[in-house]
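A short reminder: the numbers here are calculations on the coordinates, not readings from a lab. In this text the structure is predicted, and so the values were computed from the model without any measurement. We place every Cβ from the backbone using ideal geometry, glycine too, and count neighbours over all the protein chains shown.
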Protein chains: 2
Amino acid sequence: MSDRLAAQIAFLSEADQLKSVMRASRLHDNSRYENSAEHSWHVMLYAFVLAEQAGPDVRIDRVLKMLLLHDIVEIDAGDNPIHGTVDAAAQEAKEQIAADRLFGLLPQDQAKAFRDIWDEFEAAETPDAVFAKSIDRVQPPISNMANGGGSWLEYGVTIDQLSQRVGTPVQRGAPRLWQWLFPKLEAFFSKMPSK
Amino acid sequence: MSDRLAAQIAFLSEADQLKSVMRASRLHDNSRYENSAEHSWHVMLYAFVLAEQAGPDVRIDRVLKMLLLHDIVEIDAGDNPIHGTVDAAAQEAKEQIAADRLFGLLPQDQAKAFRDIWDEFEAAETPDAVFAKSIDRVQPPISNMANGGGSWLEYGVTIDQLSQRVGTPVQRGAPRLWQWLFPKLEAFFSKMPSK
């Protein structure tokens with residue numbers, strides 16, 4: 001048991017670094033960029049509060065576990081801003097190597113179980129993963145509206161780009177949520193200052 | 001539905017402030033204090049990884065939800081460092097008022113459900129709450145050992161105080177974990193520099 005616990009604590013200690021991975025989005029009060037650990041907490045809270053937006057096949061307990069683990073690979077691979085210009089294939093390759101190393105710190109049975117959860121999230125095919133992805137995408141726009149534009153200003157994002165990059169996954173997993181949000185986004189963009 | 005969603009998003013937006021509530025504990029790399037949002041993420045990861053340390057009556061899915069919500073009251077009430085000198089009764093009163101206001105932002109059915117989860121955590125009587133409390137207590141010592149002493153140095157904590165304040169709840173919810181950890185803490189304290 002001692003070796004097993006040592007491996008588990010080694011993984012949990014390595015995971016502390018997610019608190020130093022900075023995202024493109026900013027806090028609601030615009031005081032600083034958000035990090036990927038606190039973002040992970042916030043999207044879990046979103047998923048729990050907005051669980052009724054999910055389809056009937058979605059098991060919210062599994063969604064929470066997906067969101068708990070979804071960004072851990074960023075410790076090695078960095079955050080890939082949705083409105084940035086990172087090469088998607090190169091980023092994916094980096095994330096696969098990161099997943100091997102990071103989940104590989106755990107005892108073998110857990111390494112496999114955690115990797116399976118993360119792979120399922122990344123593939124975005126099961127109802128749980130589709131909902132988890134939609135929730136992961138819906139949080140930053142709400143922060144951006146609160147802080148005056150945030151990453152939209154920084155990356156010069158248009159409402160059409162937002163509809164495509166964010167609207168598509170949100171509509172897929174939580175269509176009523178997007179229906180509610182989109183008019184608010186349109187109104188915000190029509191008044192948003194340029195940088 | 002529109003009012004309901006507006007209330008839910010208002011709660012989720014208010015919750016963003018947990019990212020600005022600073023704790024007494026520091027990151028593993030000692031670069032800064034930890035905030036309560038990223039701490040909440042980290043203890044959920046601890047609970048998921050260390051679930052096998054829990055007794056047979058513990059439902060880990062409920063533990064994760066408790067830990068997701070456990071610190072939200074700190075947005076209004078602030079963090080109460082375990083080694084600090086805050087008046088416990090006054091702090092509890094502040095937290096009750098905070099819970100009324102913050103969970104009260106949600107639609108009524110969710111406000112009650114979330115408050116019930118938080119009340120159960122605070123009471124620390126059910127198996128789920130006892131395990132959640134033990135996990136909440138075990139993360140800071142592991143950070144402190146990583147960063148050279150952290151809040152122990154700042155508050156002049158002794159191994160006996162640690163055994164009482166941290167060992168008691170950890171032993172209650174995860175006895176084998178404390179058995180594994182305590183010799184490591186003893187060895188660390190025997191070499192810890194004073195501030």
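List the distances, in nm to one decimal, from the label point of residue B:183 to the label points of the same position in every other copy, shortest first, placing each label point 7 Å from Cα along the Cα-to-Cβ direction.
The projected label point of residue B:183 is separated from its counterparts by 6.6 nm.
Sequence-distant or interchain residues sharing an amide H contact under 5 Å with residue B:26, placed H: which?
Long-range HN contacts for residue B:26: B:34, B:151.
Tell me, what HN-Hα J-couplings in whole Hz come from the Karplus equation 6.51 cos²θ - 1.76 cosθ + 1.60 at θ = phi - 60° for each residue of the range B:10-27, using x for Gly and Pro?
So the J values, rounded to whole Hz, are 4, 4, 5, 6, 4, 4, 3, 5, 4, 5, 10, 8, 8, 9, 7, 8, 10, 5.
Checking the cross-link filter: which lysines have an alpha carbon closer than 19 Å to that of residue A:65, excluding same-chain neighbours under 8 positions apart?
Within reach: A:19, A:112, A:133, B:65.
Scattering from the C-alpha atoms of the range B:60-170 alone, worked out with Debye: what is log10 I(q)/I(0) at q = 0.11, 0.13, 0.22 1/Å?
Ignoring solvent entirely, the Cα scatterers give -0.40, -0.55, -1.30.
Sort B:118, A:152 so the one with the fewest other Cβ atoms within 10 Å of its own Cβ comes first.
Fewest-to-most ranking of B:118, A:152: B:118, A:152.
Quick one: Karplus J couplings for the range B:155-171, per residue in order, coefficients 6.51, -1.76, 1.60, θ = phi - 60°, nearest Hz, x for Gly and Pro?
Computed from phi, the couplings for the range B:155-171 are 9, x, 7, 9, 4, 5, 4, 5, 4, 6, 6, 10, x, 4, x, 5, 4 Hz.
Please compute, for peptide A:9-20, the average count of beta-carbon atoms on other protein chains lying within 10 Å of each residue's beta-carbon.
Whole-number average of other-chain Cβ neighbours for A:9-20 is 6.
What number, in percent, do you get for the relative contact order of the range B:132-195 if the mean sequence gap of Cα pairs under 8 Å and at least 6 apart is divided by its residue count?
45 percent.
Compute the relative contact order of chain A as a whole-number percentage, counting only Cα pairs closer than 8 Å that sit 6 or more residues apart in sequence.
Details: 238 pairs, mean separation 48.9, N = 195.
That works out to 25 percent.
May I ask you to sort B:83, A:39 by Cβ crowding, counting other Cβ atoms within 10 Å and putting the fewest first? Spell out each step's value before the answer.
Working: B:83 17, A:39 28.
Fewest-to-most Cβ neighbours within 10 Å comes out as B:83, A:39.
Give, rounded to the nearest 20 debye, the magnitude of the charge dipole that the range B:58-195 has about its Cα centre when Lys and Arg contribute +1 at Cβ and Asp and Glu contribute -1 at Cβ.
600
For the range A:84-128 and the range B:164-183, compute the distance between their C-alpha centroids and round to whole Å.
For the range A:84-128 versus the range B:164-183, the Cα centre distance is 33 Å.
How large is the helix-only mean residue ellipticity at 222 nm for chain B, computed as the sum of -39500 (n - 2.57) over DSSP H runs with n ≥ 4, divided by its residue count, in deg cm²/dmol to the nearest 500?
-20000 deg cm²/dmol
Can you pull the mean other chain C-beta count within 10 Å for peptide B:43-50? Write out the running numbers ahead of the final one.
Details: counts 2, 7, 11, 4, 1, 9, 12, 4.
Counting other chains' Cβ atoms within 10 Å and averaging over B:43-50 gives 6.
How many angstrom separate the Cα center of the range A:1-62 from the Cα center of the range B:3-39?
Going from one Cα centre to the other spans 11 Å.
Charges only on Cβ, +1 for Lys and Arg, -1 for Asp and Glu: so what's the dipole of the range A:131-195 about the Cα centre, in debye to the nearest 20?
140
Can you list the aspartates and glutamates whose alpha carbon sits under 20 Å from that of residue A:191, skipping same-chain ones fewer than 8 residues off?
Hits, sequence-local ones excluded: A:29, A:154, A:160.
Inside 10 Å of the C-beta atoms of B:55-67, what's the mean count of C-beta atoms belonging to other chains?
Values: counts 0, 0, 0, 0, 1, 2, 6, 1, 0, 6, 5, 0, 2.
The mean count of partner-chain Cβ atoms within 10 Å per residue comes to 2.
Check which residues have an amide H placed less than 5 Å from residue B:21's amide H, if you skip close sequence neighbours.
Residues meeting the amide H criterion: B:36, B:37.
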